[in-house]
Amino acid sequence: MKTVRTRSELNECLDKVDRSRLGFVPTMGALHAGHLSLVKRAKEECDTVVVSVFVNPTQFNDPKDLENYPRDERNDLIVLEKAGADIVFMPDVKEMYPEPDTRVFDFGQLDKVMEGATRPGHFNGVAQVVSKLFALVRPAKAFFGEKDFQQIAIVKAMCEGLDQSPQIVPCPIVREADGLAMSSRNALLTPEHRAAAPDIYRAMKAGVEKMGEMTPAEVEEFVTEKINSNPLLEVIYFKIVDALTMMQVENWKDSEAIQGCAAVRAGNVRLIDNIRFV
Ligand code: PAF
């Protein structure tokens, strides 16, 4: 495995690589089994796999959140080597943003709801960094975890505006044994909040069971109340949306694919998760 920190080192490494067989896994580090499942999938589908580790400041709307975001470069390199990554790109902020990125992306309604509505500017920052990374790596396929469900829709929409874009490969959420979706942020939970957090997935699963007897709006209320009944958790939103447009649905028959998406505050930590309804 080769670790590179600059664009020119990355170019040198990729010079002789067949880009039509190149896979890319963008990450912000503090890697867990969810990330490693993306590397595994990329290894299965591609000849060479690049993983980027970069905590992108432009996607954080809260400076405290950026400061507290977990970082563990040493362990990241150990687990990536074991997982069989070929190239790890670990740039610093100056390398990624030699000049401030002033681009503003237009995602229509896609970024006006859920994560976009509650973290202003977040998806613009994601699009800035992902478009830069795609331009540098030029992979055939890029692998993203479905825990960030809305992010995948944003990245797909962003790719429509690019000359050359990889195939976006969504990969299933990896969960802890108690159902909590794996996230780098889980490391920031207190033991009490860590014990409470699996209630998010439990409540969403109970919501799926209610589909036969409740409307989407009623299930939203049911799941929200169930999560909030744990005093250590506070729902920021739970929305039942069309899986492509991210718009709320009124009836179960309104869409061919329907997803329930949650953001929940557990102490100082903001967790997201989602579940398929239809
Ligand atoms: O999902 C993430 O970890 C980040 O949003 C990404 C895609 C690596 C961009 O910084």
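General remarks:
- Evaluated over the Cα positions of the range 68-123, the convex hull gives a direction-averaged projected area, one quarter of its surface, of 6.2 nm².
- Taking other Cβ atoms within 10 Å as a rough exposure proxy, Met182, Met246 sort from fewest to most as Met182, Met246.
- Helix 216-228 axis, angle to the chain major axis (alpha carbon atoms, nearest 10°): 80
- Translational diffusion coefficient (Stokes-Einstein; Kirkwood radius from C-alpha pairs) of the range 70-163 at 10 °C, 1.306 mPa s, in µm²/s: 105
- In the range 24-88, the alpha-carbon atoms span a convex hull of 80 Å³ per residue.
- The ellipsoid equivalent to the alpha-carbon distribution of the range 147-225 has semi-axes of 29, 21, 10 angstrom, derived from the gyration tensor eigenvalues as √(5λ) and listed largest first.
- Gain upon complete extension [Ala217, Ile168; 0.36 nm per residue less C-alpha separation]: 14.6 nm
- GNM result for the chain, Cα springs below 10 Å: residue of Thr102, Thr48, Thr224 fluctuating most strongly: Thr102
- 12 Å beta-carbon shell around Glu209, net charge (K/R +1, D/E -1): +3
- Spatial extent of the chain: Rg and Dmax, with the Cα atoms as the point set, Å: 18.9, 59
- Residues with amide H under 5 Å from that of Thr3, placed H, sequence gap 5 or more: Val88
- Taking the C-alpha atoms only, the angle from helix 149-160 to the longest principal axis of the chain is near 50 degrees.
- Under a Gaussian network description of the chain, with springs only between Cα atoms under 10 Å, the residue in Arg74, Arg138, Arg21 that fluctuates furthest is Arg74.
- Fewest-first ranking of Cys261, Cys13, using other Cβ atoms within 10 Å as the exposure measure: Cys13, Cys261
- Pairwise label distance in nanometres, Ala117 with Val79, each label 7 Å out on the Cα-Cβ vector: 3.3
- Taking other residues whose beta carbon is less than 12 angstrom from the beta carbon of Phe107, and scoring Lys, Arg as +1 and Asp, Glu as -1, yields -2.
- With K and R counted +1 and D and E -1, the other residues having a Cβ less than 10 Å from that of Ala257 yield a net charge of -1.
- Average projection area in nm² (convex hull over Cα atoms of the range 103-255, one quarter of hull surface): 10.4
- Binned Cα-Cα distance frequencies in the range 108-151 - 5 Å width, integer %: 5, 20, 24, 24, 16, 9, 1
- With contacts taken as Cα pairs under 8 Å at a separation of at least 6 residues, the chain carries a relative contact order of 18 percent.
All of the numbers you see were taken from the coordinates with simple rules; none came from a lab. Note that the structure is predicted; figures quoted are calculated from it, not measured. Note that each Cβ is placed from the backbone with ideal geometry, even for glycine, and that neighbours are counted across all protein chains shown.
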